[in-house]
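Reviewing the structure listed below.
The values are calculated or read from the model by the stated rules, or taken from the named source; none is laboratory data. Just so it is clear, the model here is predicted, and its values are computed rather than measured. Glycine also receives a Cβ, built like all others from the backbone with ideal geometry; neighbour counts cover every protein chain displayed. What goes into the accessible areas is simple: the full protein's heavy atoms, side chains included, and nothing from ligands, DNA or RNA. Shrake-Rupley method; radii C 1.70, N 1.55, O 1.52, S 1.80 Å.
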Amino acid sequence: MRRAIRCLRLGVALPLGAALIALPTTLATAQSTRLIVDGQAGLGYSTNPFLIDGDDRGSAFSELSITPQLIQVDEKGDAALRAFYRRTDYFNRYDSADAYGAEASARRQLSETLAGHASVGYESSILGQASYGLVGVLDPSVPIDPGTPDIALLGLRQRQESITAAVGGDLRISQRDTINAEGRAVQINYGDTGLLTSSRTTSATLGWSHAVSARTSVGLQGSGSWSDFGRQGNSGSFYQPQVTVTHSLSETVSVTAAVGALFITSRTPAGTVKSTGLSGNVLACKSSQRTNACLRAYADAQPTGFGDVSKRQGVGADYSYLVRENDVLRASLDFSRVQETSDLPQARNASFITGGASYERGFSRRLFGGVAGGYRRATGSDRGAVSDLNVKAFVRVRWGDTR
């Protein structure tokens, strides 16, 4: 597995290295540089911090986290370095747990017709642990994204390590037509365990969009994903041809949607299984001076830690309201599920509901405090439902740029 990780790093370093190494040059004329470090401490209680089976699972906890961010912007693009570290100490029943990660990303207008972007990220965390997280991050709409957690593994208290790299661009071929493309590689490692298997996934997306009007664009998009697992004889792939639509209902409301077909192949020692279905995603957002709200839905596929590819569907909503200049109310609600497509005996169907809300008050531009709470419920095909209700109070201190 270590050799596989090294190979992945080398494989993504070559195409991605040029973009990330060039950051100092591309940012030589940066007009804005921001260095922000958020430190947060909290106390709380969770009725089931890791979503495990059994009785008497609750514990109080303390939490410390830090999130440094360096962002540089000029007239042709931006670049960012972000990292986080979070440690949670439980007062009883559980050992302490930590999560950490980092991401480097860049977007650049390379010419009048060509724009490019690149990113590389790493994260290590325990699947199933309540993600209390930082409430007051600089830009919560652009989180570190090293790979979607595998909800079929919730409750196993398994640590997941992810390495992700992506390179892409948009080329305008006429006043109304644009071609976009992206390549992505993801390595997921579960360590030394007999039940789960690590995976290496590469994917590619190619699309074309046509501006029908100033507010509406339509197009076609195709994507493919190929996964090799650490267990011999396990591999999988899926393909998604889609029709895309982007429409601005007004200056504050926009909708982006894609709909198409889904073709999945899972190869395991139990045999090869092919499955089809619908694929798509929808994102509708409304923004104003004080309020931001988004609705989202998706249907696609995902490699799992059991060594196959499963169908995945989900819907969610996000809301934030600026009460005052430094006071923010946030809320979110999500439902997701995975459906097995292989004949593996350990593969499982699973569903997951999570919702939460937080209120943060700014006492100054550097000192903040607030409360956050959430509810989670996980259901698997081989077990009953388990749930968690959690709440915490926190304080946050910001160093660096306070704009």
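Quick look at the numbers
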| read-out | value |
| --- | --- |
| Residue list for the stretch 9-53, filter: hydroxyl-bearing (Ser, Thr, Tyr), at pLDDT below 85 and open to solvent by less than 80 Å² (accessible area, probe 1.4 Å) | Thr26 |
| Residue ID - surrounded by the most Cβ atoms within 10 Å (Cβ to Cβ), chosen from residues in the stretch 282-305 that are in contact with a Ser or Thr (Cβ under 7 Å, 6 or more places away or on another chain) and either under 30 Å from Leu153 (Cα atoms) or among the aliphatic types (A, V, I, L, M) (or both) | Thr304 |
| Scan of the stretch 155-167 for residues that are assigned to a strand (DSSP E or B) and either surrounded by fewer than 18 Cβ atoms within 10 Å (Cβ to Cβ) or of a type in the set (S, T, N, Q) (or both), ordered by number | Arg159, Gln160, Ser162, Thr164 |
| Close pairs from the stretch 326-338: first under 16 Å from Ala372 (Cβ atoms) and without any contact (Cβ under 8 Å) to a residue 60 or more places away in the chain, partner assigned to a strand (DSSP E or B) and among the polar types (S, T, N, Q), Cβ under 9 Å, at least 6 apart | Leu329/Ser320; Leu329/Ser358; Ala331/Ser320; Ala331/Ser358; Ser332/Thr354; Leu333/Thr354; Asp334/Thr354 |
| Count of the stretch 364-373 residues which are closer than 22 Å to Thr47 by Cβ and either surrounded by fewer than 20 Cβ atoms within 10 Å (Cβ to Cβ) or of a type in the set (D, E, K, R) (or both) | 2 |
| Sole residue being closer than 30 Å to Gly236 by Cβ and open to solvent by 70 Å² or more (accessible area, probe 1.4 Å), chosen from Arg377, Arg361, Arg403 | Arg377 |
| Test result for Phe368, farther than 30 Å from Thr268 by Cβ, hydrophobic (A, V, I, L, M, F, W, C) and either touching a helix residue (DSSP H, G or I) at 6+ places or on another chain (Cβ under 7 Å) or not in a loop (DSSP other than H, G, I, E, B) (or both) | yes |
| Residue count for the stretch 306-316, restricted to those that are open to solvent by less than 30 Å² (accessible area, probe 1.4 Å) and either free of Cβ contacts under 8 Å to residues at least 24 places away in the same chain or not aromatic (Phe, Trp, Tyr) (or both) | 6 |
| Considering residues of the stretch 170-198 that are charged (D, E, K, R) and over 23 Å from Ile264 (Cα atoms) only, the residue least open to solvent (accessible area, probe 1.4 Å) | Asp177 |
| Any hit, the stretch 199-207, residues being more than 22 Å from the chain's Cα centre (by Cα), farther than 28 Å from Asn349 by Cβ, open to solvent by 60 Å² or more (accessible area, probe 1.4 Å) and of a type in the set (A, V, I, L, M, F, W, C) | no |
| Top-ranked residue in the stretch 226-280 [being of a type in the set (Phe, Trp, Tyr) and open to solvent by less than 30 Å² (accessible area, probe 1.4 Å); ranked as modelled with the highest pLDDT] | Phe238 |
| Hits in the stretch 54-78 (condition: of a type in the set (Lys, Arg) and either surrounded by fewer than 17 Cβ atoms within 10 Å (Cβ to Cβ) or assigned to a strand (DSSP E or B) (or both)) | Lys76 |
| Answer residue from the stretch 168-197, given it is aliphatic (A, V, I, L, M) and not in a strand (DSSP E or B) and is farthest from Ser310 (Cα to Cα) among those | Ile173 |
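This table checks each residue for (1) hydroxyl-bearing (Ser, Thr, Tyr); (2) buried (at least 20 other Cβ atoms within 10 Å of the Cβ); (3) more than 25 Å from Asn292 (Cα to Cα).
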| site | (1), (2), (3) |
| --- | --- |
| Arg330 | no, no, no |
| Ser342 | yes, yes, yes |
| Gly355 | no, no, no |
| Leu389 | no, no, yes |
| Trp399 | no, no, yes |
